[in-house]
Amino acid sequence: MAAENTKSILVVGGGISGISTALEAAEVGHEVILVEKNPYLGGRVTQLNKYFPKLCPPNCGLEINFRRIKNNPRIKFYTMAEVEKVSGSEGDFDVTVKLNPRYVNENCTACKACVDVCPYERPNDFNFAMDKTKAVYLPHDFSFPMRYVIDDKYCKKAGCAKCKEACTYNAIDLDMTTRSLSLKVGSIVWATGWSPYDASQIDNIGFGKYQNVITNMMMERLAAQSGPTNGKIVRPSDGKEVSKVVFVQCAGSRDENHLPYCSYVCCLASIKQASYVREQYPDALVTIFYIDIRTPGRYEKVYLKAQKDEKIRFIRGKVADIKEDPETKNLTVTAEDTLSNQKLHEEADLVVLAAGMAPNTRNSKVPADIAYDTDGFIASNTGASGMYASGCALKPLDVYSSVQHSTAAALKAIQSLAGR
Amino acid sequence: MPEQLIKPDLNFVKDIIASGGESLKKCYQCSTCTVVCGVTPDEKPFPRKEMMYAQWGMKDKLISNPDVWLCHQCSDCTAYCPRGAKPGEVLGAIRKMAIKNYSAPSALANMTADPKYLILLFALPVLIFLGIIGSLGHFSDIPRGEDGGIVYSHFIPVPYIDTVFILASAFAVISFFMGIKKYWADMSAGMQLKGNVMDSLKATIVDILSHDRFQKCNVTKDRSTAHMLVFYAFIGLAVTTGWGVLYLYGHEIFGIQGTSLFHFGETPYPLYDPMKIVGNASAFALLLGMLFVTANRMKNAEKAGSGSYFDWLFIVVIFTIVVTGILSEVLRLADVDPIAYIVYFIHLVFIFFLFAYAPFSKMAHMVYRATAMVFARHAQREG
């Protein structure tokens, strides 16, 4: 019989998939270690305004999961943690985890006194740099753990230390350094998730060049109460209200020059976001340019409902050119309406790119010898015994399916340990 | 939309695929191509609809479609195509089939498109010129000029050259005329055309001279300069040819006497003669242009495709003509016997190839594209 600690499971990635995997395994009695690179758990879901299938805000759903984590002594989680090295084999892995310094310890009560005195700012990556935070910041309103963090790229540390003086709880530790953690685990689930495709790579549609061309994930932040505009959808260039919004489907997806595969969620995301616009601006006109609308299974109803809205137009043709009027910052979007065989030049005050899902393993592989598919996703058969993947590390998925895949991954990880 | 019964011509689809459009079936009709195209109009734009017609084997919609010729194969479409369907190459393949379809006799068109018959096509001019040389006994003992230099018109006298090339050109012109007549009729079938076609013709000539459309290319923008060089070099060489005719027959028929500058009379003419200057300048422009054409093709191969047999045959023929042309002159002046005569012989064979097979080779693009451009203007498709 192997040592007791080899019965434990490592889950890499603390998004909805990693959390689900960890909970499923822990709740049947396994020790689980969950490591997350960001200073908070919840991953991409936390950045959404509303999510499928019930169109609820992310704290509905995540809150329950966080409660389950808190109440379960078998789950140990680390934020700001990255797996550096994996050795050994199924049932007996040695894992080295790098713990990046947060500079804020568990004494933090999120009282915000540090923020008030901090003189330095950083672009807020949580909001895709549409606003700024101080160098000491709360990742977002619903952050779990609810604890501040210091961005050492912007903080002057001992050279400033104003926050340390302001903190009455002795929660700030500017001397914190990177630590290393050694783990012994029996199986590993990679739930490394996805990132929005870098739309500036698509050189003909102006992202990064024109301020009012944004991505779908930026739109989620714009529409979210906790976002840079407190939930008001306005133009990034001048903060003006919008009246003509164009959605560009397959911005990078289904394109051999970018992501060759369908990202699965973008059609629904755009239809969902069209409803954000319509709720805030009853007179606004929304145009969705698409190649094929893909709303699989019962999601078809969402599409049918949107089709009935006379202020939402669906035009079959891919947008392949966007130009900006430098005076007004308005945009002209060009596509062919392939059903009427006519090139259209549509005016828009805001353009939303349905940027696809790129697996995080596309650019940086995990530090273990596992197999990937041609698109950079982890292969469903990882080729390494005792290692599995779940969620969007495998393929583009919605939250609902990610959770299902995560349950499956938890079961596989448990099976791998059974009888040892 | 009115109902339409589509009868796919599957052989036509196979032919396009075999002619360099093998990526055709990858198209999923997103129309990125049409949007990035700089030369397509807004109304019924190309090439997305052509890709659909091609996939569905709708031959009639493509062969007589002026749009396939309004395309200048800039390859912006091919570079941005999300599926690697290469619309530029597919339209190139369709153009090749349009040439085959309209140029009579069609057997010759099939032979020009098929590498199998290449030797046979070359055999004709080779035999003609060998016959002439043999009958004159010029395989050896070629008479020299008064100053003892090589004189090509002593090798193959001008009347023989003129007869052969006038016949070859006449054949090409008749074939072109028949093709264009049929093409125009097909394009205008069921259309009400108004206005004066001469106005459209004039405007098109200005278009072609200025290479306006060509300059709207983006990915392969260098092609415009290369093509312009080749185009004006050809005009220069045509002027030179006319000038030569004037020198020779102006003297022989009308008795015009040469001056110290303008050498009316028989070849060869001195290098400082204005006609010689125009001719040599044009030859070098052509060489330079063809070098650019080839370099651009190599450079753009990844984005725009590497081209078909049809394209490369045309390029090789023109290249050989210009290289052997320049070499003929150099070797003649350097008095390199017999290589000079051999090179000159090759030169003549390739010119014959270019002229006689023009209606079937890529040379025909000049006539069909110009016709399509005139028609498009005339039908208010653009302009």
**OP:** Could you tell me which of rounded, prolate or oblate describes segment B:106-378, using a ≥ b ≥ c as the square roots of the eigenvalues of the alpha-carbon gyration tensor, with rounded for a/c under 1.5 and, failing that, prolate when a/b is larger than b/c and oblate otherwise?
**Re:** prolate
**OP:** Quickly work out the A:Glu90-to-A:Asp309 label distance, labels modelled 7 Å from Cα along the C-beta direction, and quote it in nm with one decimal.
**Re:** 4.9 nm
Subject >> Cα centroid separation - segment A:85-110 against segment A:249-274, whole Å >> reply: 34 Å
Subject >> Span-rule helices in chain B, defined as complete DSSP H runs reaching 30 Å or more along the axis (Cα) with Kyte mean at least -1.0 >> reply: B:158-188, B:222-252, B:274-304, B:309-334
Subject >> Projected label distance in nm at A:Asp238 and B:Ile119, using a 7 Å step from Cα toward the beta-carbon >> reply: 7.4 nm
Original post:
Just from its helices, what would the mean residue ellipticity at 222 nm be for chain A, if runs of 4 or more DSSP H residues each count -39500 (n - 2.57) and the sum is divided by every residue, rounded to the nearest 500 deg cm²/dmol?
Top reply: -6000 deg cm²/dmol
Subject >> Amide H contacts of A:Ala335 (H built 1.01 Å from N, under 5 Å, at least 5 apart or other chain) >> reply: A:Leu344, A:Glu346
Original post:
Residues of segment A:23-43 with amide nitrogen under 17 Å from the 7 Å Cα-to-Cβ point of A:Asp152?
Top reply: A:37-40
**OP:** For A:Ile288, list long-range residues whose amide hydrogen, built 1.01 Å from N in the peptide plane, is under 5 Å from its own amide hydrogen.
**Re:** A:Phe247, A:Arg313, A:Phe314, A:Ile315
Subject >> 5 angstrom amide H check on A:Gly231, placed H, neighbours 5+ away >> reply: A:Ala224
**OP:** Pick out, in residue order, every one of the GluC sites (Glu not before Pro) in segment A:61-127 that is DSSP loop and has at most 16 other C-beta atoms within 10 Å; say none if there are none.
**Re:** A:Glu90, A:Glu106
Subject >> Cysteines (scope chain B) whose Cβ has no counterpart Cys Cβ under 4.7 Å >> reply: B:Cys27, B:Cys30, B:Cys37, B:Cys71, B:Cys81
Original post:
Short version: ³J(HN,Hα) in whole Hz for each residue of segment A:192-208, in order, from phi by Karplus 6.51 cos²θ - 1.76 cosθ + 1.60 (θ = phi - 60°), x for Gly and Pro, what are they?
Top reply: 7, x, 9, 10, x, 4, 5, 5, 5, 6, 8, 6, 9, 10, x, 5, x
Subject >> For the protein assembly as shown, share of DSSP beta bridges that run antiparallel, in % to the nearest 5 >> reply: 55 percent
**OP:** Using a Förster distance of 25 angstrom, determine the FRET efficiency expected from the C-beta separation of A:Gln211 and A:Glu121, and round it to 0.05.
**Re:** 0.80
Subject >> Using a Förster distance of 56 Å, the FRET efficiency for A:Asp373-B:Gln380 (Cβ separation, nearest 0.05) >> reply: 0.65
**OP:** Using DSSP to define loop residues, name the chymotrypsin sites (Phe, Trp or Tyr not before Pro) in segment B:119-168 whose beta-carbon has at most 16 other beta-carbon atoms within 10 Å.
**Re:** B:Phe139
Original post:
Of the beta bridges DSSP finds with both residues in chain A, what % are antiparallel, to the nearest 5?
Top reply: 50 percent
**OP:** Under 10 Å from the Cβ of B:Pro82, count the other residues' Cβ atoms, weight Lys and Arg +1, Asp and Glu -1, and hand me the total.
**Re:** +2
Subject >> Helix A:16-26 axis, angle to chain A major axis (alpha carbon atoms, nearest 10°) >> reply: 30 degrees
**OP:** Give me B:Trp243, A:Trp194 ranked fewest to most by other Cβ atoms within 10 Å of their Cβ, as a rough exposure proxy.
**Re:** B:Trp243, A:Trp194
**OP:** Read phi for every residue in segment A:43-49 and hand back ³J(HN,Hα) as whole Hz from Karplus 6.51 cos²θ - 1.76 cosθ + 1.60, θ = phi - 60°, with x for Gly and Pro.
**Re:** x, 4, 4, 5, 7, 7, 7
**OP:** Quote the FRET efficiency, to the nearest 0.05, computed for B:Gln192 versus B:Lys44 with a Förster distance R0 of 22 Å and r equal to the Cβ-Cβ distance.
**Re:** 0.85
Subject >> Neighbour cut-off at most 15 other Cβ (10 Å), DSSP loop, trypsin sites (Lys or Arg not before Pro), segment A:162-223 >> reply: A:Lys209
**OP:** Compute the separation of the alpha-carbon centres of segment B:239-288 and segment A:198-227 and state it in Å as a whole number.
**Re:** 66 Å
Original post:
Calculated from DSSP H runs of 4 or more alone, at -39500 (n - 2.57) each and per residue, what is the 222 nm mean residue ellipticity of chain B, nearest 500?
Top reply: -21000 deg cm²/dmol
**OP:** Sort B:Ser224, B:Ser153, B:Ser306 so that the residue with the fewest other Cβ atoms within 10 Å of its own Cβ comes first and the one with the most comes last.
**Re:** B:Ser306, B:Ser153, B:Ser224
Subject >> Order of B:Asp15, A:Asp325, B:Asp147, A:Asp173 under a 10 Å beta carbon neighbour criterion, fewest first >> reply: B:Asp147, A:Asp325, A:Asp173, B:Asp15
Original post:
What percent antiparallel are the DSSP beta bridges of segment A:1-141, to the nearest 5?
Top reply: 55 percent
Subject >> Cα gyration tensor shape of segment A:48-161, rounded if a/c is under 1.5, else prolate or oblate by comparing a/b with b/c >> reply: oblate
Original post:
Tell me, in nm to one decimal, what length is gained between A:Lys301 and A:Lys162 on full extension, where the rule is 0.36 nm per residue of separation less the Cα-Cα distance?
Top reply: 44.6 nm
**OP:** Using only the Cα atoms of chain A, build the gyration tensor, take square roots of its eigenvalues as a ≥ b ≥ c, and label the shape rounded, prolate or oblate: rounded if a/c is under 1.5, else prolate if a/b is larger than b/c, else oblate.
**Re:** oblate
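Each reported figure results from applying straightforward, stated rules to the coordinates on display, with no laboratory input. The model shown is predicted, which means the values in this text are computed figures rather than measured ones. When we count neighbours, we look across all protein chains shown, and the Cβ atoms used for this are built from the backbone with ideal geometry, even at glycine.
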